[in-house]
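Report on one structure; see the data block that follows.
The values are calculated or read from the model by the stated rules, or taken from the named source; none is laboratory data. Computed from a predicted structure; not experimentally measured. Don't worry about glycine lacking a Cβ; one is built from the backbone with ideal geometry, like all the others, and counts go over all protein chains shown.
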Amino acid sequence: MEDLPLPLAFIVLDDGAFRIGGENRALGKRKIKSGLAHRNYNKSLTVTYSDNGSLIAQGDWQQIRESVAAIGGKYTAVLYALVKLDGQSKIAAIHLRGRALSEWYKFTKGKNPTGPVYFTVTKTAKTEGTDVDSYVPVFEMHDLKASSQEEADAADAILQNWLSGYFKSPENIPAAINSRASNAVPIEGDAFAFAGLEEPPAQSGTGSDFDDDLPF
């Protein structure tokens, strides 16, 4: 897992994925993890300790949230996005949880993140908490030009194929309504590189003013 640098521009391809992270501080900050789940593919989570795979809970988040949260497990949204890294278009997985996730939900309320738009983060803002202060991304939304929409649709076709393989049962998977898949045209081969789909990069850090007119 690595940090995505700021300033950051990204097109959301799919916002239906989630997983569990965190740590049990009562047990010496023992790490908690889960496999990937998705609102349109498979909502079931298997939550374990990272060190030995010991089972903590299994089931839908609504069924296990109280027991998992009680020991330090945190819901983590996974945004699959098209980004530019080192001058190359890549599909990345951006992890958002805690206050960063709350900021994302507040910012996108009433909006369609997978519509003809892209997002930028040029800075972070300090938030005060009851226990510790933290920094959260400051999101901005912009209109997406037509050529970039076509690029995003093609990337999403690749992504949905990858997700289908991940969940092992593509013949039983409904169309992903939280993505661009309905507009995507299947293409041969991987026209885009994947950036950390197995261990997705987290979004953090600070950056200078964004100076790229249209990043895609």
Selection status of K145, surrounded by 13 or more Cβ atoms within 10 Å (Cβ to Cβ), out of contact with any Lys or Arg (no Cβ under 6 Å at 6 or more places or on another chain) and closer than 24 Å to A100 by Cα
no
So N24, is it surrounded by fewer than 19 Cβ atoms within 10 Å (Cβ to Cβ), more than 21 Å from G165 (Cα to Cα), over 14 Å from the mean Cα position of the chain (by Cα) and free of Cβ contacts under 8 Å to residues at least 40 places away in the same chain:
no
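Let's see how each residue does on (1) in a strand (DSSP E or B); (2) polar (S, T, N, Q):
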{"position": "A57", "(1), (2)": "yes, no"}
{"position": "K74", "(1), (2)": "yes, no"}
{"position": "V78", "(1), (2)": "yes, no"}
{"position": "K90", "(1), (2)": "yes, no"}
{"position": "I94", "(1), (2)": "yes, no"}
{"position": "L101", "(1), (2)": "no, no"}
{"position": "K106", "(1), (2)": "no, no"}
{"position": "T120", "(1), (2)": "yes, yes"}
{"position": "T124", "(1), (2)": "yes, yes"}
Is it the case that some residue within segment 40-54 is surrounded by fewer than 17 Cβ atoms within 10 Å (Cβ to Cβ) and either among the charged types (D, E, K, R) or part of a helix (DSSP H, G or I) (or both)?
yes
Within segment 192-210, does at least one residue satisfy the condition of being in a loop (DSSP other than H, G, I, E, B), in contact with a Pro (Cβ under 6 Å, 6 or more places away or on another chain), among the small types (G, A, S) and at pLDDT below 65?
yes
May I ask you to list the residues in segment 82-110 that are touching a strand residue (DSSP E or B) at 6+ places or on another chain (Cβ under 7 Å) and surrounded by fewer than 13 Cβ atoms within 10 Å (Cβ to Cβ)?
Q88
What single numbered condition from (1) assigned to a loop (DSSP other than H, G, I, E, B); (2) in contact with a helix residue (DSSP H, G or I) (Cβ under 8 Å, 6 or more places away or on another chain); (3) of a type in the set (A, V, I, L, M, F, W, C) fails to hold for V132?
(2)
Is it true that L13 is within 25 Å of A154 (Cα to Cα) and crowded, with 19+ Cβ neighbours inside 10 Å?
yes
